[in-house]
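Notes for the one structure printed next.
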Amino acid sequence: MDCHCDALYKMWSQQADFDSDSRLAVNMQRWIHSDVKVQCFAIFIPPEVPIESKFSVGLEMIDLFYEKIIAPYPKVQLIQNANDIRRLNDGEKGAMLTLEGLDLIGNDLFKLRTLIRLGVRMIGLSWNDANFVTDGILEKRGAGLTSFGEQVIALANQERIWIDLSHISYQGFFDAVAHAEYPVASHSNVKAIMNHPRNLDDKQIKAIVDKKGLIGINFVRYFLTTKATATTEDIIYHIQYLIQIGAENCVVFGSDFDGSDDLVDMPRTIDQYNKLITRLRYYFSDSMVNKIAFGNFFTNFSRLSD
């Protein structure tokens, strides 16, 4: 199960065809031939989209999700709760809709309620910049959660939806994790290994552990290493660190496929996941690999929906 990809963004911005377009690391033909049972698809509105158009663009991406990913393929099922995953048959795949950043809602809570009704099950509070909810991690001000942001999290708690902290400011992280019942960092790595502002330090990791959240390992090179090329071993270093610090029940995958082309050497596309899993078995027990691959995701998601 993969917590984050940006295929919808490429489908919208590049008119990439979901079925077999080679520009997509996550396309249908690759997905069919992969071991990934559930894939999260993020709505990401690029910063150059005018503020008055952002919500409309978000709706366009939701339309792409239903019309190009769900509708054409009888073996792709919409995932809204844990029972939807339990009901997946052999050969069937599950698609979950997520949201990366809340620029598109402005300060209108009804817009967020609308997105939830349309299927969003994970809410990223920010991208890298500031919005009405919180500052992002690259906003120089570094402010935390606003009063409106508290309303957003209260709604997510009420609807039993994940709050994603992968791009939030440092202060915003701790403000949000204090309020959120279901926090995750869907595609963030370990700061002690790679000192990138989007990665998590030990205090942040422990805060997620304490709230029984999730941390999705990101496959983008510059979240993994300072080297010119990232390898599978770099992914393993980050996983090992998280386990050693007590996050063994929190580690999942958040590949960030299609969010960047500067990826680890393997896996670079969704159909290469099986090679990663094989490699993980050299380092971890079968039970630990099962937790990372699907168990932690499913257990946490069950808390929301059972």
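Some points to look at:
- None of PHE301, PHE284 is over 16 Å from the mean Cα position of the chain (by Cα), open to solvent by less than 40 Å² (accessible area, probe 1.4 Å) and more than 20 Å from PHE223 (Cβ to Cβ) except PHE284.
- Only one of ILE168, ILE137, ILE163, ILE153 that is over 21 Å from LEU64 (Cβ atoms) and open to solvent by 20 Å² or more (accessible area, probe 1.4 Å): ILE137
- Among the residues of segment 131-151, those identified as part of a helix (DSSP H, G or I) and either free of Cβ contacts under 8 Å to residues at least 24 places away in the same chain or aromatic (Phe, Trp, Tyr) (or both) are SER147, PHE148.
- Subset of segment 8-63 (residues that are closer than 23 Å to ILE85 by Cβ and open to solvent by 20 Å² or more (accessible area, probe 1.4 Å)): GLN29, ARG30, ILE32, HIS33, ASP35, LYS37
- All positions within segment 113-130 that are surrounded by fewer than 23 Cβ atoms within 10 Å (Cβ to Cβ) and in a loop (DSSP other than H, G, I, E, B): LEU118, GLY119, TRP127, ASN128, ASP129, ALA130
- Yes/no for ASP202 being modelled with pLDDT of 95 or more, open to solvent by less than 10 Å² (accessible area, probe 1.4 Å), farther than 28 Å from PHE148 by Cβ and among the acidic types (Asp, Glu): no
- Picking from residues in segment 78-106 that are more than 18 Å from ASN157 (Cα to Cα) and among the polar types (S, T, N, Q), the one that is least open to solvent (accessible area, probe 1.4 Å) is ASN83.
- Output for segment 224-271, where each listed residue is within 24 Å of ARG30 (Cβ to Cβ), free of Cβ contacts under 8 Å to residues at least 40 places away in the same chain and open to solvent by 10 Å² or more (accessible area, probe 1.4 Å): THR229, THR231, GLU233, ASP261, ASP265, MET266
- Unique residue being within 17 Å of the chain's Cα centre (by Cα), outside any loop (DSSP other than H, G, I, E, B) and small (Gly, Ala, Ser) when the list is ALA176, ALA154: ALA176
- In the set THR229, THR278, only one residue is farther than 14 Å from SER188 by Cα, assigned to a loop (DSSP other than H, G, I, E, B) and at pLDDT 95 or above; that residue is THR229.
- For segment 180-203, the set of residues classified as in contact with an Asp or Glu (Cβ under 6 Å, 6 or more places away or on another chain), under 21 Å from LEU112 (Cα atoms) and outside any strand (DSSP E or B) consists of SER186 only.
- Only one entry of ALA42, ALA25, ALA71, ALA16 meets the criterion of being under 17 Å from GLY259 (Cα atoms), aliphatic (A, V, I, L, M) and out of contact with any strand residue (DSSP E or B) (no Cβ under 7 Å at 6 or more places or on another chain), and that entry is ALA16.
- Filter result for ILE292 (in contact (Cβ under 8 Å) with a residue 40 or more places away in the chain and either within 27 Å of ARG121 (Cα to Cα) or open to solvent by 60 Å² or more (accessible area, probe 1.4 Å) (or both)): yes
- Residues within segment 209-223 that are part of a loop (DSSP other than H, G, I, E, B) and either among the polar types (S, T, N, Q) or open to solvent by 20 Å² or more (accessible area, probe 1.4 Å) (or both), tallied: 3
- Condition check for LYS206 on (1) more than 17 Å from the chain's Cα centre (by Cα); (2) assigned to a loop (DSSP other than H, G, I, E, B); (3) of a type in the set (Lys, Arg): one failure, at (2).
- Tally, over segment 232-258, of residues that are part of a loop (DSSP other than H, G, I, E, B) and in contact with a strand residue (DSSP E or B) (Cβ under 7 Å, 6 or more places away or on another chain): 6
- Subset of segment 179-193 [over 19 Å from ASP234 (Cβ atoms) and over 18 Å from the mean Cα position of the chain (by Cα)]: HIS179
The values are calculated or read from the model by the stated rules, or taken from the named source; none is laboratory data. Bear in mind that the values here come from a model prediction, so they are computed numbers and not experimental data. Please note: Cβ atoms are built from the backbone with ideal geometry, for glycine as well, and neighbour counts cover all protein chains shown. These accessible areas exclude ligands, DNA and RNA; they are computed on the full protein's heavy atoms, side chains included. Shrake-Rupley method; radii C 1.70, N 1.55, O 1.52, S 1.80 Å.
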